[in-house]
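Everything on this sheet refers to the single structure shown next.
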Amino acid sequence: MATADVLKDTGYIQNDTELTGPFAAALAKGNLIVQKCNDCAALIMYPKYRCPACFSGSLGWEQVSGAGQLQTFTILRYGPPSTFDVEAPYGIGIVKLDEGPQLMCRLHPGPDGTWDHYVCNQRVSFAPADAAEIAERAAAWFTAA
């Protein structure tokens, strides 16, 4: 049996476009969505082929509020990887959404152009980047609440 046939038999999504495409499309429209298991209602981030709670392959998407808590963050000031063609510095963090899942994100700088106003465990909110930025890098952007 060919690999593609095995994947079809197990219900796995066949490619990354199907797996992450809806997330990127929602970001481009200014919305933040996470996967939701249609069987056990678990919210899942990052997109997966199967629910990690019940192993169901019946997954959909749900819009979330975008409110959460900044668990940790760092400011990259030197040497971004060549595939992440961004001028340093830039901020990234881990946000635990009020709905439960957590995700890695980009952080908007403050009005002074720095990230000095961020602290761990502070409230943050989803603040979408423009569609051109999302087309380059499908990442959720957050700012201090």
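Here 60, 113 are screened, and the one residue that is farther than 16 Å from residue 138 by Cα, part of a loop (DSSP other than H, G, I, E, B) and either under 13 Å from the mean Cα position of the chain (by Cα) or not β-branched (Val, Ile, Thr) (or both) is 113. Answer yes if at least one residue in the range 71-82 is crowded, with 16+ Cβ neighbours inside 10 Å, modelled with pLDDT under 95, β-branched (Val, Ile, Thr) and touching a Gly at 6+ places or on another chain (Cβ under 9 Å), and no otherwise. Within the range 71-82 (the criterion being crowded, with 16+ Cβ neighbours inside 10 Å, modelled with pLDDT under 95, β-branched (Val, Ile, Thr) and touching a Gly at 6+ places or on another chain (Cβ under 9 Å)), the answer is yes, since at least one residue qualifies. Scan the range 120-138 residue by residue and report those that are under 17 Å from the mean Cα position of the chain (by Cα), surrounded by fewer than 16 Cβ atoms within 10 Å (Cβ to Cβ) and part of a loop (DSSP other than H, G, I, E, B). Correct list: 130, 137. Select from the range 103-119 the residues that are in contact (Cβ under 8 Å) with a residue 40 or more places away in the chain and not aliphatic (A, V, I, L, M) and write down the one among them that is surrounded by the most Cβ atoms within 10 Å (Cβ to Cβ). In this case the residue turns out to be 118. Quick check: anything in the range 70-90 under 20 Å from residue 20 (Cα atoms), without any contact (Cβ under 8 Å) to a residue 40 or more places away in the chain, of a type in the set (A, V, I, L, M) and not in a loop (DSSP other than H, G, I, E, B)? No: the range 70-90 contains no residue that is under 20 Å from residue 20 (Cα atoms), without any contact (Cβ under 8 Å) to a residue 40 or more places away in the chain, of a type in the set (A, V, I, L, M) and not in a loop (DSSP other than H, G, I, E, B).
The values are calculated or read from the model by the stated rules, or taken from the named source; none is laboratory data. Source: prediction; values computed, not measured. No Cβ is skipped: glycine too gets one built from the backbone with ideal geometry, and neighbour counts run over all protein chains shown.
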